[in-house]
Every structure is written in C-alpha cells, then in structure tokens.
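> Sharing a structure with you now.
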Amino acid sequence: MARTETLARLRNLPSVDEVMRAEAASLAVDRFGRSAVVSAVRGALTEARKNGKAETAAHDADHFAAAALTRLDAEAAPRLKPIFNLTGTILHTNLGRALLAEEAVAAATKAMREYVALEFDLDGGKRGERDDHLRGLLCELTGAEDATAVNNNAAAVMLVLNTLAKGKESIVSRGELIEIGGAFRMPEIMSRAGTKLKEVGTTNRTHKKDYIAAIGPKTGLMLKVHTSNYRIQGFVAGVSPRDLAAIARAGKIPLVNDLGSGTLIDLSRFGIAHEPTVAEAVKEGADLVTFSGDKLLGGPQAGFIVGRKALIEMINRNPMKRALRLDKIRIAALEATLRLYRDPDRLAARLPTLRLLARPLPEIESLASRLVPAVSSRLGAAFSVQAKRCKSQIGSGSLPLETIESTALVIHPSGGRGEGRALAALAAAFRRLPLPVIGRIEDQSLVLDLRCLEDEKGFVENLAKLAFSETAHVRA
Ligand SMILES: *Cc1c(COP(=O)(O)O)cnc(C)c1O
C-alpha cells in the first residue's frame, strides 16, 4: 500500500466520540461502565494507527466499538478457570488439590457474607481465639491434647522448627530430607526457620544409635518426616516412631512428626494401603504432629499442628503465628469438613476426595462406554477413541506407590506422519474449551482418566465447542 494511501486511511479513523455513539459501544457501557469502554476504544484505535494497514472496509465506528466489546468480554472472563481434571491424579497440586464437601462450601459462603464470632467468646463476652473453633474437633479426631492451624503444612513445619529449635539443632535422618514439589526442601526450610540441620544416619539406613549420638546440649528437637513422595527400598533400616519417641523422651527433647498428608481415618476400609493416621502418630509418642488440610483430609488449604499443650502454647506465642494465620472463610470450611469425620460411615458419600478415591470401577467403565461414541463422532476419522484400563493416583505426595484401577478414554491420531503434531494440537484444543479439559500424554495418545469426571452432561455439552481446525490440516 502506498504511503499516501495509508496516511489517508489513518485520517479516516473515527474519533473516540464517534465510536462511543455506535450501538455496540452503548451495549458495552451497560456491561462494563463508560471509562472501561472509552479506554478499550482508545486501545483499538491506537492499535489500528500503529498497524497502519487496518483491513480495508473496517474503518467505521461500528467496527471499533465491536472490537472494544470483544476485548472487554475476553478480559471479563475469570483468569482462575474451572477445569475438568482428567489427569488421573485426584489431589493435583497444580489443579487446586481437594474439592470441598458441600457442607464446607456452605459454611465458607456463610462466613463470607456474615460477621462471625471469629475471636469472640460468646459465653463470657470477651475476646476469644480463632483456634477455638477447630481445637475441640482436632483433639477429638486425633487424641491430641491441643491443636492449632495455620496457612498450610509448610507453614506448620516452619513455625514448629522456629518455635522449638531457633538457634539450636534439629536432628533428621538423611533418608528423610525431602523435597516436595514447589520448592519445599527440608534443609532450606530449616535454615529459614533459623535452626541448624543435624543429619544422622545414611540415605538408606538410620539406626537408634545414630539418633542417640546426635543428641547434645545444642539439640532443639528431633524431626521425623514422612517420605510422602518416594520410597527407599532394598537394604534399608529406620527407627520406628515408638523407638524415636523413647529416645527423644530420654534425651528430654521434643519429637516432631511431619506426616505430610496425614489422614484422620484408616484408608484400608476403602481398599487403599494403610497410611499412618494422625491419631496413630500421636499415640506412638510424637510430641507434635503436622499435616495438611487439603491433601487426604479433603478440606481447604491449611496446616495443622496437634500435640502437647505446653508446646502448642509456645507456638501460639511465636509472632510468626500471626503472619501464618487462617482467615474466617477457611476456618468455617475446615470446621465443617472436620465435623464430617465424626460420621465415618457416611464420609465417602460426603467428602469428594474420598468419593473419587473410592469410586467403583464399573461406574467409571460404564461412563467410558457412554463417552467413547460421543468423543469419537466429535473427532471424526482423524483420531481413534478407545476405553482402556489405566491407573489413577492420589497425588500431592500421598501414598506415592499406590495406584487405583480406573478407565480412560485413550485418543490416538490415526495418521502415520505428523502424529505428534496432531496430538499436541488436540491436547491444546481440549485446553482451550470453555471448560478446559486437562489429560495426560502417554504412548503417543491423549489419555483422559475418567475417575474424576462426575459432570457427564457438562462434559458432553462442552465437547460440542471443541475447535480443532488446527488438527484438520494435519489430517489433510
Ligand atoms: C505435602 C507435604 C508438606 C507440605 O504441605 P503443604 O500443605 O503442601 O504446605 C510438608 N511435608 C510433607 C511430608 C508433605 O508431604
């Protein structure tokens, strides 16, 4: 395009006022307010001016008003989108971990709308403590003397180390120096908490005598860490929690057990391997036990510290506690979640984490057989869709070796060449859906594990919007 022609076009751009008089602009003003629309219109005009080569017939006010509306619509969609988690990992840290029970959702919603007696003792009319709402339930469910709750389990561990071992040594077995995803590394947490790591034993074997030899005047505490996301197998030796407790007691130092996931009930009744319960850890003699709220427990993000009253009181006096505290919304959700544990028989029906974990295989299989034709006809001949057995996992470092039989839709590109590209394009198309579908790529296939798919109707409706034109040219 000649330069003079371009300049003429730019002169032809409508003014902001002209665009604001267009019909789409008044529609946009109703929805987003005048100032947002004016700035979106300015943005659209600036862009056209910058590009200098805006499409021929598109210079009128209506065009720019519509462009501004489209832009504002896109910006209004939440960044934090609900998705279909078909990864096969029930507690996926990147996808928000546990889904809350309806009871917890209702309690949190109510707490958001209303004033609540968060730190107010209704009996005496005096100031109360926010821990009061959870203490009773936590003590009842774990057998501990006292309890407190903070932002997450990483915060719980940090707070315990800082309270009991600041300027002192913390004894840990070399086999338990864990790294959990997202930069939670025990040695680094320790140094930030102001305690000195005192490693004992070796990676695969740690003995009673190693712990005993490490105890000295500088010792602040002994820490046992649940190796949540790995197992050391073969020529291994560790010290049982009971023996550790006896050694700690003899050395007059506290024993802290970081359980990580920490379940409140025995999972073997759901056909899952036995994971140490918090009550067991308390009974075995740990002075403090720390665990997460949003792993197997199935609540919102939180970290719990339960154990001896004198130690919990010290923790509550640490100024860091204030920086790590929970808000009323999560306390309400936690209280409602913990209450469900008083009726273990109905827990699997009410707590989504357990419901998904215990979901019967035949139910998932029949869901798969209903979905194969729907997905297959949507994708056409470019892909084969089959229902296949697969293995779900619990996730978030809970029972790392434990898998649960499940069924997946396994989608494989039909063509020989360009398979990888077709597969990547398909996975991207699923991620771009109004309700993005997240699966996993395995053996040149997109695997959609159906264990966590409960809204079948929503999934099928969503599927109709699958736009995979990019895969169409791969087919050609
Ligand atoms: C998961 C985990 C943590 C961290 O807990 P968050 O609730 O994610 O902060 C700490 N220790 C262990 C052993 C864990 O498994």
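The values are calculated or read from the model by the stated rules, or taken from the named source; none is laboratory data. Owing to the predicted nature of the structure, the values given are computational and were not obtained by experimental measurement. Reconstructed Cβ throughout: ideal geometry from the backbone, glycine too, with neighbour counts over all protein chains shown. Areas reflect the complete protein model, heavy atoms only, side chains present, ligands, DNA and RNA absent. Shrake-Rupley method; radii C 1.70, N 1.55, O 1.52, S 1.80 Å.
> Restricting attention to segment 399-414, does a residue exist that is within 30 Å of residue 303 (Cα to Cα), within 16 Å of the ligand (Cβ to nearest atom) and among the polar types (S, T, N, Q)?
no
> If you don't mind, another one. For residue 199, indicate whether it is among the acidic types (Asp, Glu), modelled with pLDDT of 90 or more and open to solvent by 60 Å² or more (accessible area, probe 1.4 Å).
Details: among the acidic types (Asp, Glu): yes; modelled with pLDDT of 90 or more: yes; open to solvent by 60 Å² or more (accessible area, probe 1.4 Å): yes.
Spelling it out, residue 199 is indeed among the acidic types (Asp, Glu), modelled with pLDDT of 90 or more and open to solvent by 60 Å² or more (accessible area, probe 1.4 Å).
> Which of the residues spanning segment 324-372 are small (Gly, Ala, Ser) and in a helix (DSSP H, G or I)? Walk me through how you get there before you give the answer.
As a first pass, look at segment 324-372 and keep what is small (Gly, Ala, Ser): 332-333, 336, 348-349, 358, 366, 368-369.
Scanning segment 324-372 gives 332, 333, 336, 348, 349, 366, 368, 369.
> Residue by residue through segment 259-284, note down the ones that are hydroxyl-bearing (Ser, Thr, Tyr) and surrounded by 15 or more Cβ atoms within 10 Å (Cβ to Cβ). Working first, answer last.
Of all residues in segment 259-284, those hydroxyl-bearing (Ser, Thr, Tyr) come to 261, 263, 268, 277.
Residues satisfying the conditions are 261, 263, 277.
> Where residues in segment 226-258 are within 16 Å of the ligand (Cβ to nearest atom), within 21 Å of residue 394 (Cβ to Cβ) and modelled with pLDDT under 95, which of them is least open to solvent (accessible area, probe 1.4 Å)?
So in segment 226-258, the residues within 16 Å of the ligand (Cβ to nearest atom) come out as 226-232, 238, 241, 244, 255-258.
Now drop any that are not within 21 Å of residue 394 (Cβ to Cβ), which leaves 226-232, 257-258.
Filter once more, keeping what is modelled with pLDDT under 95: 226-232.
Details: 226: 33, 227: 30, 228: 2, 229: 61, 230: 65, 231: 98, 232: 64 Å².
Only one residue fits best here, namely 228.
> Shifting gears a bit: Among the numbered conditions (1) open to solvent by 60 Å² or more (accessible area, probe 1.4 Å); (2) of a type in the set (A, V, I, L, M, F, W, C); (3) within 22 Å of residue 254 (Cα to Cα), tell me where residue 99 comes up short.
(3)
> Please verify whether residue 150 is open to solvent by less than 10 Å² (accessible area, probe 1.4 Å), within 16 Å of the ligand (Cβ to nearest atom) and closer than 12 Å to residue 305 by Cβ, treating the condition exactly as stated. Give the steps one after another, and end with the answer.
Working: open to solvent by less than 10 Å² (accessible area, probe 1.4 Å): yes; within 16 Å of the ligand (Cβ to nearest atom): yes; closer than 12 Å to residue 305 by Cβ: yes.
The answer is yes for residue 150.
> List the pairs whose first member sits in segment 62-76 and is in contact (Cβ under 8 Å) with a residue 60 or more places away in the chain and assigned by TED's automatic domain parsing to the domain that holds residue 42, whose second member is open to solvent by less than 60 Å² (accessible area, probe 1.4 Å) and aliphatic (A, V, I, L, M), and whose Cβ atoms are under 9 Å apart, counting only residues at least 6 apart or on separate chains?
none
> Among helices (runs of 4 or more DSSP H) lying entirely in segment 25-121, which contain 2 or more residues that are of a type outside the set (A, V, I, L, M, F, W, C) and modelled with pLDDT of 95 or more?
On the way: elements: 34-51, 61-76, 102-113.
Result: 34-51, 102-113.
A quick yes/no check of all residues on (1) away from the ligand (no atom under 13 Å from the Cβ); (2) out of contact with any helix residue (DSSP H, G or I) (no Cβ under 7 Å at 6 or more places or on another chain):
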residue	(1), (2)
283	yes, yes
296	no, no
300	no, no
303	no, no
316	yes, yes
319	yes, yes
322	yes, yes
331	yes, no
337	yes, no
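> Please determine, by comparing only the residues of segment 285-294 that are more than 13 Å from residue 394 (Cα to Cα) and not in a strand (DSSP E or B), which one is nearest to the ligand (Cβ to nearest atom).
Applying the first criterion (more than 13 Å from residue 394 (Cα to Cα)) to segment 285-294 yields 285-293.
Of the ones still in play, those that are also not in a strand (DSSP E or B) are 285-287, 293.
Working: 285: 19, 286: 13, 287: 17, 293: 7 Å.
Checked segment 285-294; the qualifying residue nearest to the ligand (Cβ to nearest atom) is 293.
> Working carefully through the options 219, 206, find the one that is without any contact (Cβ under 8 Å) to a residue 40 or more places away in the chain and among the hydroxyl-bearing types (Ser, Thr, Tyr).
Numbers: 219 fails: without any contact (Cβ under 8 Å) to a residue 40 or more places away in the chain.
Matching residue, one of 219, 206: 206.
> Could you tell me whether residue 136 is under 30 Å from residue 235 (Cα atoms), over 20 Å from the mean Cα position of the chain (by Cα) and either of a type in the set (D, E, K, R) or not in a strand (DSSP E or B) (or both)? Explain how you work it out, then say what you get.
Working: under 30 Å from residue 235 (Cα atoms): no; over 20 Å from the mean Cα position of the chain (by Cα): yes; either of a type in the set (D, E, K, R) or not in a strand (DSSP E or B) (or both): yes.
Considered against the rule, which asks whether it is under 30 Å from residue 235 (Cα atoms), over 20 Å from the mean Cα position of the chain (by Cα) and either of a type in the set (D, E, K, R) or not in a strand (DSSP E or B) (or both), residue 136 comes out as no.
> Right, residue 268: of a type in the set (Ser, Thr, Tyr) and within 13 Å of the ligand (Cβ to nearest atom) or not?
No: the conditions fail for residue 268.
> Taking segment 403-427 as the search range and keeping residues that are over 17 Å from residue 376 (Cα atoms) and surrounded by fewer than 15 Cβ atoms within 10 Å (Cβ to Cβ), which one is modelled with the highest pLDDT?
If we take residues in segment 403-427 being over 17 Å from residue 376 (Cα atoms) and surrounded by fewer than 15 Cβ atoms within 10 Å (Cβ to Cβ), then 405 is modelled with the highest pLDDT.
> Do the conditions hold for residue 93, that is, is it open to solvent by 50 Å² or more (accessible area, probe 1.4 Å), within 16 Å of the ligand (Cβ to nearest atom) and touching a residue at least 24 places away in the same chain (Cβ under 8 Å)? Explain how you work it out, then say what you get.
Working: open to solvent by 50 Å² or more (accessible area, probe 1.4 Å): yes; within 16 Å of the ligand (Cβ to nearest atom): yes; touching a residue at least 24 places away in the same chain (Cβ under 8 Å): yes.
The answer is yes for residue 93.
> Report, ordered by the first and then the second residue, all pairs with beta carbons closer than 8 Å, sequence separation of six or more or different chains, a first member in segment 29-58 that is of a type in the set (D, E, K, R), and a second member that is at pLDDT below 75.
Note: pairs meeting the criteria are 49/10; 53/1; 53/6.
> For segment 288-340, which residues satisfy the criterion of being small (Gly, Ala, Ser) and under 17 Å from the mean Cα position of the chain (by Cα)? Outline the logic, then answer.
Applying the first criterion (small (Gly, Ala, Ser)) to segment 288-340 yields 292-293, 298-299, 302-303, 307, 310, 323, 332-333, 336.
Those that are small (Gly, Ala, Ser) and under 17 Å from the mean Cα position of the chain (by Cα): 292, 293, 298, 299, 302, 303, 333.
> I'd like the residue in segment 271-281 that is within 13 Å of the ligand (Cβ to nearest atom) and in a loop (DSSP other than H, G, I, E, B) and, out of all such residues, is nearest to residue 221 (Cα to Cα).
Taking the candidates together, the pick is 276.
> Next up: Under 8 Å by Cβ, and 6 or more places apart or on different chains, what pairs join a residue from segment 155-184 that is assigned by TED's automatic domain parsing to the domain that holds residue 257 and open to solvent by 30 Å² or more (accessible area, probe 1.4 Å) with one that is away from the ligand (no atom under 14 Å from the Cβ) and small (Gly, Ala, Ser)?
166/194; 166/220; 167/194; 167/220; 168/220; 174/201
> Please work out if residue 129 is modelled with pLDDT under 95 and within 16 Å of the ligand (Cβ to nearest atom). I'd like the intermediate steps shown before the answer.
Working: modelled with pLDDT under 95: yes; within 16 Å of the ligand (Cβ to nearest atom): no.
In short, no.
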